[in-house]
Amino acid sequence: MTSSPARHGTGAASAVSAATAPYPVVVIGADGHVVELNDAASVLLPTARPGGRLRSPSWLATAAGRTARPVSVSGAVGDRFFSAHPSVLPAGGVAWWLVDETELQSLLVELEAERERTQFLNQASTALSASLNLDRCMEVTARLATEYLADAALVIAPSATSKLPMVVCDQRGRISHGTVAGPPDTVPGLTEALRGFPPVPSQWIDPTAAPRWLVPDGFGEVGSLAITPLPGHGVPAGALILLRRVRKVAFTEREEVMARLFAARAGAAMSAARLYAEQNTISDTLMRELLPPTLRQVEGVEFAGGYRPSKDTERVGGDFYDVHPPGEDFPETLAVLGDVAGKGLEAAVLTGRIRNTLHALLPMADDHTKMLRLLNNAMRTSHHTRFATLVLASVRREERDVALRVTAAGHPAPLIMRSDGTVEEADTNGTLIGVLPAVTARTAHVRLAPGETCLLFTDGVTEAKGGPLGDTMFGEQRLRRAAAECVGMPAAAIVERIQMITAQWLGVGRHDDIAVMAITAPRGSHLSAVDGTTRGRYTA
Amino acid sequence: MTTSPDADPTAASPSVAGPHIVRLALDGDLDYDTCGELLLRVRLALHERADVEDLRLDCRELGVVDSTGLSTLLQIHRSACQAGIGFHLDNIGPALKRLLELTGTYEHLSSSQRTAAPTDE
């Protein structure tokens, strides 16, 4: 394994070549004493003298002491790092060639550190992206910060209320949730960090200035304390407080960079979780407002409604229905069923506007066309051409019959289910609402005998794609047939049956929102009053 | 009449038929998923030259049009009218005709009066 740079020369020749070699060279004799060292070696090893023993550095002395089969070794010399390669000389003894590897070594150390940092940041990203739950994100942030950056960590999230949520990971890695116990401005820099703008760098603050709630139980004396803002997507995501036992004035430059990268990841995850939570709250709130009401008998007329939102948008959809009982200014019940073009939140907002506007327009319900015209004017905007189609039904009990005025505005006309089993379309049509400069509408006057029903539906029913091959529309003919089978049933049963048949048709297929409403003239309470002149049968 | 030269089911392919007429052949379904692309193509086609006088949408190969699709046609009609460009739907099939009649938009979309969009208060 050994070879001499001056293999074919004499011992003297080797010594000469060693003296002029560009590397520090030490020649150790077979007896273990230094035979010779060149200038570079005497500068590097000032204690080594020819004739004496090599004592420093110890790693080289040890290797040189082993006479049999010397091998390459390496170690520190002062603040530098060398490797020593032995050449067994023909005359006996070994020449040790020293190669400065300080830079290589520091690169290796740096590479290793960089690998660790990258691994940590990757791990952080993975752990943080695994959850859209804010509490969970705060926990992960506190735990990772405690593992890699500090002895204990606190994560504080901004809040609209005065109570700021806080997650603590203490020196033993235990996580606890709480709220900030004191006003945030008692901690220097915390208010600024929570505000998020202007961006502030990490601050090392005097540990003695920290209020007691900041220090986990049993932590002992705080050596140093840093506050790092967590930058979010344009919104402040919170602040990270790092506690260390060892007194350090600041992070090293690399630690600083890593803390910043970590804070950016944690902040992004936390603000995403916050936005998600906020969005959820908004759609929950909207949903509560927009969910169709439970219907019942109003003023002696049966109302029943069913709503199945599209799976694509889930919860808030574009279909809606309402039943407004008579009030001071309007003697009739007004039932509304409609469909807003589009999906999701935008459709839901438009739905809300239409329902509110219609509510305000109830005193105009004696003239559907006028009501629709006012609604159209209120809904028209230059921003978009999103529209709604709907059916208005003004309902009034007249003796045992129910008198309806029905107007379809760009919407499929309701079906009238007669006692004799026939199903006819109400003779009404009109323009959709919200886009055209002027609307027209024709109102149908319908009279329902006891047991007869007016069925309102959205195109989610007729356009439901399914059937044996999964690609056929349910269509109006099938709906009419289904309705004919329900003649004479109570309103709630009709709605349930139509929904069931539609669901069977759909199978597992995609569908739009589906809304159905039945307005039925009840037959029950007047069974004994049959006088032979009224229409219809009176047995179920 | 211009038909789509390629088989892309959702493609609207522009072809300039005369000096001032832009024709687009609509092919496939016009719904929530495809209406964004149609709006974009129409916008590009109308911006290609400044002297467009007429926009003709050929509906021969048009499939199912849902409410968002109709909303898109209304949007294109409105934009065209505002820009002083005539708007025409050619080869309206029975299904589209039914939808336009049901929603009372047939007359509106067949007429290309240069009306202004409503202004917001």
Exercise. Taking amide H positions as placed 1.01 Å from N in the peptide plane, with prolines and chain starts having none, which residues 5 or more places from A:Thr179, or on another chain, fall under 5 Å of its amide H?
Worked result: A:Met166
Problem set entry | Positive-pole candidate from B:Gly36, A:Pro57, A:Thr208, dipole of the protein assembly as shown, charges at beta carbon | A:Pro57
Exercise. Counting only protein heavy atoms and using a 1.4 Å probe, what share of the accessible area of the range B:65-105 belongs to carbon plus sulfur, as a whole percent?
Worked result: 53
Exercise. Can you give the alpha-carbon Rg of the range B:13-110 over 2.2 N^0.38 Å, where N counts its residues?
Worked result: 0.99
For this session: With +1 on each Lys and Arg Cβ and -1 on each Asp and Glu Cβ, and nothing else charged, work out how big the dipole of chain A is about its Cα centre, in Debye to the nearest 20.
Result: 840
Exercise. For the range A:107-284, what log10 I(q)/I(0) values come out of the Debye formula at q = 0.09 1/Å, with one point per alpha carbon and no solvent?
Worked result: -0.29
Exercise. For the protein assembly as shown, what percent of Cα pairs sit more than 48 Å apart?
Worked result: 50
Exercise. At what distance in angstrom do the alpha carbon centres of the range A:384-435 and the range B:31-89 lie from each other?
Worked result: 31
Exercise. Per-residue ellipticity at 222 nm for the protein assembly as shown, helices alone: DSSP H runs ≥ 4 residues times -39500 (n - 2.57), over residue total, nearest 500 deg cm²/dmol?
Worked result: -10500 deg cm²/dmol
For this session: Express in whole angstrom the spacing between the alpha-carbon centres of the range A:206-278 and the range A:314-379.
Result: 51
For this session: Could you let me know the centre-to-centre spacing of the range A:449-471 and the range A:40-111, using Cα atoms, in angstrom?
Result: 92
Problem set entry | Accessible area buried, both sides summed, chains A and B with 1.4 Å probe, Å² | 1900
For this session: Pop out the carbon and sulfur fraction of the accessible area of chain A as a percent, whole number, probe 1.4 Å.
Result: 54
Exercise. Listed highest first by mean packing, meaning other Cβ atoms within 10 Å per residue, what order do A:214-224, A:443-453 come in?
Worked result: A:443-453, A:214-224
Exercise. Exactly which trypsin sites (Lys or Arg not before Pro) in the range A:356-397 are in a DSSP loop and have at most 13 other Cβ atoms within 10 Å?
Worked result: none
Problem set entry | Cβ neighbours within 10 Å from other chains - mean over B:63-74 | 5
Seminar exercise, completed: Restricting to Cα pairs under 8 Å and 6 or more apart, the percent relative contact order of chain A works out to 9
Exercise. Hey, if you put +1 on the Cβ of every Lys and Arg and -1 on every Asp and Glu Cβ in the range A:292-529, which of A:Leu350, A:Cys454, A:Val423 ends up farthest toward the positive end of that dipole?
Worked result: A:Leu350
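The values are calculated or read from the model by the stated rules, or taken from the named source; none is laboratory data. Predicted model only: the values in this text are computed from it and were never measured. Please note: Cβ atoms are built from the backbone with ideal geometry, for glycine as well, and neighbour counts cover all protein chains shown. Side chains are part of the model used for accessible areas, which takes the heavy atoms of the whole protein and leaves out ligands, DNA and RNA. Shrake-Rupley method; radii C 1.70, N 1.55, O 1.52, S 1.80 Å.
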